[in-house]
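Participant: One structure, pasted below without further comment.
The values are calculated or read from the model by the stated rules, or taken from the named source; none is laboratory data. Here the structure is a predicted model, which means the values were calculated and not measured. Because the Cβ atoms are built from the backbone with ideal geometry, glycine has one as well, and the counts that use them run over all protein chains shown.
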Ligand code: GLU
């Protein structure tokens, strides 16, 4: 195995974008990236798009953008090129055909004429007899007459790999020694009758031709590894030139089932729309199944690169916890400089029609951001937090509209209005002092009952930035006008 250790590390991220990339994909990409960067090796980004009905150009483009947005770069692949391209499998079809034909010529593979219906009928039999399901080897050694007959019937063969008796053994860098007995790995299809390659053929051929040394990928692909190794062997690759495998543990949902659309698995695009920062997503996913030790919760990309080793990847499943991701996102938001916070907040405010993006508006946003920085966990919350500053009249949400009409609230707002009308120094400290004097000290109200109605009157909602700071930002005239409107 000496060779494997001396080779320059080449990892690859090889998604089949049949939709937007999701948490599981990105966790894999992040680990591939971190491993390549940690070792000073190369990261290859390969698009596995042989299924052109499900993988579209749009999804490919979105996958590229998502990785870029997250700050994950690659050394070879779409947009950057490289010596072992093309990096889209749909542009490499002749390579797969060449190898499938070579395997037939060498006796490693054969044409299989069995129809889908015949295969299904035989599988049904296997089930009845409690036998392991899978191809029974019927076409392994057809005579010239058999072939002539099938041809005359107009049957088009698939190309099937011959799995020899025995077993495949390899050392998974995370799971240790893994053995697959071949009686459970039946002869498998390499190419469909229409000449299109299957995943197992394309992935294995490419990993060899692209000189991949380390395959880090999801555990769901563990069982395809013996088939891929079989392809390497048929290609004539020496065992010391096989890539290492490291199968990353599943990501589970909160309900302990494998993360899927049903239990919260959504695309990274969704997290982006919600205002999760790329550094928070990477930070959180980095710790999903890997840890540099102790109870580390915060990690920067630089630290990840410095500390990442496959040995520290956990072999048991990791649990996805939205609350934790949100907490990390809040931390990252609080860590932003105001300028950075501003440039990330503006797209949300513009998209949600809170502002148009004019200079004067931006100045208001800038002055308001410090008062909400402590209070939000997702960037998308800036919309709700700051909208009150940019509307002529507040629009109450249903609950708030009902509350503000109640008699006690009306009384509180009227009193607040009176107390503030003569206030000269419109600063949050003096606004607070004036309101406390009347509502808490004189009327003896609890803070929530005192300030709640005022908050609704001024911002339209019971969820808002700190009240007195909000009123200062809004200005005296507009604040008083809103209090007046609420008591009418
Ligand atoms: N293209 C495969 C997928 O998206 C992954 C290939 C691999 O990592 O081996 O599931």
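Participant: Across the range 443-453, which residue is farthest from residue 405 (Cα to Cα) among those that are in a helix (DSSP H, G or I) and either at pLDDT 95 or above or in contact with a helix residue (DSSP H, G or I) (Cβ under 8 Å, 6 or more places away or on another chain) (or both)?
Facilitator: The initial filter retains those residues of the range 443-453 that are in a helix (DSSP H, G or I), namely 447-453.
Retained after the next criterion (residues that are either at pLDDT 95 or above or in contact with a helix residue (DSSP H, G or I) (Cβ under 8 Å, 6 or more places away or on another chain) (or both)): 447, 449-453.
Values: 447: 19, 449: 14, 450: 15, 451: 15, 452: 13, 453: 9 Å.
Result: 447.
Participant: Something else: Determine whether residue 110 is in a helix (DSSP H, G or I), modelled with pLDDT of 95 or more and surrounded by 11 or more Cβ atoms within 10 Å (Cβ to Cβ).
Facilitator: Numbers: in a helix (DSSP H, G or I): no; modelled with pLDDT of 95 or more: yes; surrounded by 11 or more Cβ atoms within 10 Å (Cβ to Cβ): yes.
Judged against the criteria, residue 110 is not a match.
Participant: Return the only residue of 275, 253, 330 being in contact (Cβ under 8 Å) with a residue 60 or more places away in the chain and surrounded by fewer than 21 Cβ atoms within 10 Å (Cβ to Cβ). Talk me through it step by step, then tell me what you get.
Facilitator: Details: 275 fails: surrounded by fewer than 21 Cβ atoms within 10 Å (Cβ to Cβ); 330 fails: in contact (Cβ under 8 Å) with a residue 60 or more places away in the chain.
Unique residue meeting the criteria: 253.
Participant: For the range 1-97, which fully contained helices (runs of 4 or more DSSP H) count at least 2 residues that are surrounded by 14 or more Cβ atoms within 10 Å (Cβ to Cβ) and touching a helix residue (DSSP H, G or I) at 6+ places or on another chain (Cβ under 9 Å)?
Facilitator: Counting at least 2 such residues, we get 23-39, 57-70.
Participant: If you don't mind, there's one more thing I want to ask. Of the residues 222, 248, 216, 201, only one is in contact (Cβ under 8 Å) with a residue 24 or more places away in the chain, over 30 Å from residue 343 (Cα atoms), within 14 Å of the ligand (Cβ to nearest atom) and surrounded by fewer than 18 Cβ atoms within 10 Å (Cβ to Cβ); which? Can you show your working first?
Facilitator: Details: 248 fails: surrounded by fewer than 18 Cβ atoms within 10 Å (Cβ to Cβ); 216 fails: surrounded by fewer than 18 Cβ atoms within 10 Å (Cβ to Cβ); 201 fails: surrounded by fewer than 18 Cβ atoms within 10 Å (Cβ to Cβ).
Just one listed residue meets the conditions, 222.
Participant: Okay, next question. For the list (1) under 30 Å from residue 154 (Cβ atoms); (2) assigned to a loop (DSSP other than H, G, I, E, B); (3) within 16 Å of the ligand (Cβ to nearest atom), I need the number of the one condition that residue 135 fails.
Facilitator: Of everything listed in (1) under 30 Å from residue 154 (Cβ atoms); (2) assigned to a loop (DSSP other than H, G, I, E, B); (3) within 16 Å of the ligand (Cβ to nearest atom), residue 135 misses just condition (3).
Participant: Checking the conditions here, which among 187, 172, 206 is crowded, with 19+ Cβ neighbours inside 10 Å, more than 28 Å from residue 123 (Cβ to Cβ) and either away from the ligand (no atom under 14 Å from the Cβ) or modelled with pLDDT of 95 or more (or both)? Break it down stepwise before answering.
Facilitator: Details: 187 fails: more than 28 Å from residue 123 (Cβ to Cβ); 172 fails: crowded, with 19+ Cβ neighbours inside 10 Å.
Exactly one of 187, 172, 206 is crowded, with 19+ Cβ neighbours inside 10 Å, more than 28 Å from residue 123 (Cβ to Cβ) and either away from the ligand (no atom under 14 Å from the Cβ) or modelled with pLDDT of 95 or more (or both), namely 206.
Participant: Which members of the range 459-480 meet the condition of being assigned to a loop (DSSP other than H, G, I, E, B) and surrounded by fewer than 20 Cβ atoms within 10 Å (Cβ to Cβ)?
Facilitator: Narrowing the range 459-480 to residues assigned to a loop (DSSP other than H, G, I, E, B): 460-466, 475.
461, 462, 463, 466, 475 - these are the residues of the range 459-480 that are assigned to a loop (DSSP other than H, G, I, E, B) and surrounded by fewer than 20 Cβ atoms within 10 Å (Cβ to Cβ).
Participant: So is residue 456 farther than 19 Å from residue 365 by Cα, under 45 Å from the mean Cα position of the chain (by Cα) and either free of Cβ contacts under 8 Å to residues at least 12 places away in the same chain or in a helix (DSSP H, G or I) (or both) or not? Write out each step before concluding.
Facilitator: On the way: farther than 19 Å from residue 365 by Cα: yes; under 45 Å from the mean Cα position of the chain (by Cα): yes; either free of Cβ contacts under 8 Å to residues at least 12 places away in the same chain or in a helix (DSSP H, G or I) (or both): yes.
Considered against the rule, which asks whether it is farther than 19 Å from residue 365 by Cα, under 45 Å from the mean Cα position of the chain (by Cα) and either free of Cβ contacts under 8 Å to residues at least 12 places away in the same chain or in a helix (DSSP H, G or I) (or both), residue 456 comes out as yes.
Participant: Residue check: is residue 345 part of a helix (DSSP H, G or I), within 43 Å of the chain's Cα centre (by Cα) and either surrounded by 12 or more Cβ atoms within 10 Å (Cβ to Cβ) or at pLDDT below 95 (or both)?
Facilitator: Numbers: part of a helix (DSSP H, G or I): yes; within 43 Å of the chain's Cα centre (by Cα): yes; either surrounded by 12 or more Cβ atoms within 10 Å (Cβ to Cβ) or at pLDDT below 95 (or both): yes.
So residue 345 fits the description; yes.
Conditions tested, residue by residue: (1) away from the ligand (no atom under 13 Å from the Cβ); (2) more than 16 Å from residue 269 (Cα to Cα).
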| residue | (1), (2) |
| --- | --- |
| 16 | no, yes |
| 21 | no, no |
| 25 | no, no |
| 40 | yes, yes |
| 46 | no, yes |
| 49 | no, yes |
| 54 | no, yes |
| 63 | no, no |
| 70 | yes, no |
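Participant: Another one. Considering 316, 380, which residue is in contact (Cβ under 8 Å) with a residue 12 or more places away in the chain, exposed (fewer than 13 other Cβ atoms within 10 Å of the Cβ) and under 30 Å from residue 260 (Cα atoms)? Let's see the steps before the verdict.
Facilitator: Values: 380 fails: exposed (fewer than 13 other Cβ atoms within 10 Å of the Cβ).
Within the list 316, 380, the selection yields 316.
Participant: Still on this model: Pairs under 6 Å by beta carbon, first residue under 23 Å from residue 488 (Cα atoms) in the range 414-441, partner not in a helix (DSSP H, G or I), six or more apart or different chains?
Facilitator: Listed by first residue and then by second, the contacts come to 434/423; 439/445.
Participant: I would also like to ask the following. What do you reckon, is residue 86 in contact with a strand residue (DSSP E or B) (Cβ under 7 Å, 6 or more places away or on another chain), more than 13 Å from the ligand (Cβ to nearest atom) and farther than 19 Å from residue 213 by Cβ? Write out each step before concluding.
Facilitator: Working: in contact with a strand residue (DSSP E or B) (Cβ under 7 Å, 6 or more places away or on another chain): no; more than 13 Å from the ligand (Cβ to nearest atom): yes; farther than 19 Å from residue 213 by Cβ: yes.
Against the criterion (in contact with a strand residue (DSSP E or B) (Cβ under 7 Å, 6 or more places away or on another chain), more than 13 Å from the ligand (Cβ to nearest atom) and farther than 19 Å from residue 213 by Cβ), residue 86 does not qualify.
Participant: Considering only residues that are surrounded by fewer than 20 Cβ atoms within 10 Å (Cβ to Cβ) and away from the ligand (no atom under 15 Å from the Cβ), which ones fall in the range 225-238? Walk me through how you get there before you give the answer.
Facilitator: Keep residues of the range 225-238 that are surrounded by fewer than 20 Cβ atoms within 10 Å (Cβ to Cβ), which gives 232-233, 235-238.
Hits for the range 225-238 are 233, 235, 236, 237, 238.
Participant: Let me confirm something: among 250, 242, which residue is under 24 Å from residue 187 (Cβ atoms) and in contact with a helix residue (DSSP H, G or I) (Cβ under 6 Å, 6 or more places away or on another chain)?
Facilitator: Details: 250 fails: under 24 Å from residue 187 (Cβ atoms).
When all the criteria are applied, what remains is 242.
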